[in-house]
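Please treat every number below as a calculation from the coordinates, not as lab data. Only a predicted model underlies this, so the values are computations on that prediction, with no experimental measurement involved. Please note: Cβ atoms are built from the backbone with ideal geometry, for glycine as well, and neighbour counts cover all protein chains shown.
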Amino acid sequence: MKRLELARRIERIKAEGTSAYIRHRKQTPPYEGSELIVENKGHVFRMGNMSFAVGFGLNRPTSFYDLHQMEKWVRGKNVSRLHVEVCPLADMSLIRLLQERNYTLDHFLDVWLLDVTEMEAAPAQEVERVDADNVNEWARAVAAGFAETGTILQETVDTAKGFYALPENQAFLVREGGNAVAGGILAVQDGMGELFLTSTIPAYRGKGYQTQLILERIAQAKASGCQYVTVTTKVDSTSGRNMERLGFQPFYQKAVMKSPILK
C-alpha cells in the first residue's frame, strides 16, 4: 500500500475518533469542546484552551480561504493560537501557506506503524478488559498516570471515560495487588488500529506494564481484522523506545506548527 494512503488512514482514525469523542461529550453539558470540519480537507478541534488541526494537505490542497476560516473559527472560541499537525506527505500548498502566515514550529511527534500480519500476537494474560464494572477505577488509574503534579484531574477522568464510551474503542487495564495501576485504549477503523491514552501510575513504572498493554492491544487489533496498528508518541520518549523494541517502525514525524497570536 502506498505511503500516502496509509498516512491518510492514520490521520483519519485520529481525526474521526476525536470528532466522535466530542460529539459524545457534548451530550452532557457543560462540556465545551467543539470542532470545525473543512469538507474533504481536515478537522479543527477545540479542547480546553487548545485548538489543533488534523489531516490537512493529505486529500486536497489547502487554500488561503481554508486557513482564514480556521483561524476565524479559533478566534471565535477565545483560543489564542491554532496548532496545525503537518504530515511530511502533505501537499506543499499547506507548507507554503503556513510559512506565509508566519506559523512557527512548536514540536514534533513520532508516528509509528506495525504490520500485525507479520507477527504472532499473543494476548497478555495479566491484562484485563474494561467494562461497566471496572471503568471507574480504570479511568482514575489512567488519569493518575497523566497527573504530572500528583493531583488527579476530574477532566482527565472524564476524558478517559468519554473515549471508553465510543463503540469503536476497547479499553484495557493492568492490576498489581488488586489495584488498577495502568491502562490504555485501542481504536479500530477500516483495518487500522490505534493505541492511545496509555499511562501507568508513576509508582508502578518500570515493571513492564506498558509492554503488557501494547501486546494485548496488538493481539486484539489482529483479532479484529486489522492489518496495521499505529501509535503517536513524543520524540525520544520512553513510549517511543517501547514501540521500537516491540517491532513498530518509524513511519513519519509530524511537525506541529503554531500560529501567531490570533487577535
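Ordering Asn49, Phe163, Gln99 by the projection of their Cα atoms onto the charge dipole of the chain, which places +1 on the Cβ of Lys and Arg and -1 on the Cβ of Asp and Glu, puts Gln99 at the extreme positive end. Under 5 Å from the amide H of Tyr103 lies no amide H of any residue 5 or more positions distant or on a separate chain, with H modelled from the backbone and absent for Pro and chain starts.
Tell me whether segment 123-172 comes out rounded, prolate or oblate; compute the Cα gyration tensor, take square roots of the eigenvalues as a ≥ b ≥ c, and use a/c under 1.5 as the rounded threshold. It comes out oblate by the Cα gyration axes. As a proxy for reagent exposure, ranking Ser224, Ser51 by other Cβ atoms within 10 Å from fewest up yields Ser224, Ser51.
Estimated purely from DSSP H runs of n ≥ 4, each contributing -39500 (n - 2.57), the mean residue ellipticity at 222 nm for the chain is -11000 deg cm²/dmol once divided by its residues. Can you bin segment 80-176 into rounded, prolate or oblate? Criterion: square roots of the alpha carbon gyration tensor eigenvalues sorted a ≥ b ≥ c, rounded for a/c under 1.5, prolate for a/b above b/c, oblate for the rest. The shape class here is oblate.
Segment 211-258 and segment 40-55 have Cα centres spaced 22 Å apart.
Going from the residue with the fewest nearby Cβ atoms within 10 Å to the one with the most, Tyr31, Tyr65 rank Tyr65, Tyr31. Remark: the chain carries a charge dipole of roughly 800 debye about the Cα centre, counting +1 on each Lys and Arg Cβ and -1 on each Asp and Glu Cβ. Rounded to whole numbers, the Karplus 3J(HN,Hα) couplings from phi for segment 238-254 are 4, 4, x, 5, 5, 4, 5, 5, 9, x, 5, 10, x, 9, 7, 10, 8 Hz, using 6.51 cos²θ - 1.76 cosθ + 1.60 with θ = phi - 60°, and x at Gly and Pro. Compared with the dominant principal axis of the Cα atoms in the chain, helix 135-146 is inclined by about 60°. Taking the C-alpha atoms only, the angle from helix 64-76 to the longest principal axis of the chain is near 60 degrees. Taking θ as phi - 60° and the Karplus parameters 6.51, -1.76 and 1.60, the scalar couplings of segment 150-164 work out to x, 9, 6, 8, 4, 4, 5, 4, 5, 4, 4, 5, x, 5, 4 Hz in sequence order, x denoting glycine and proline. Rounded to the nearest whole Hz, the Karplus-based 3J(HN,Hα) values (6.51 cos²θ - 1.76 cosθ + 1.60, θ = phi - 60°) of segment 43-54 follow the sequence 10, 10, 10, 10, 9, x, 9, 10, 10, 8, 10, 10, with x at glycine and proline. Among Ile22, Ile261, Ile37, Ile10, a tally of other beta-carbon atoms within 10 Å of each Cβ gives an order, fewest to most, of Ile261, Ile37, Ile22, Ile10. Does segment 1-145 classify as rounded, prolate or oblate by the C-alpha gyration tensor (a ≥ b ≥ c root eigenvalues; a/c under 1.5 gives rounded; else a/b over b/c gives prolate, otherwise oblate)? It is oblate, given that a/c is not under 1.5 and a/b is not larger than b/c.
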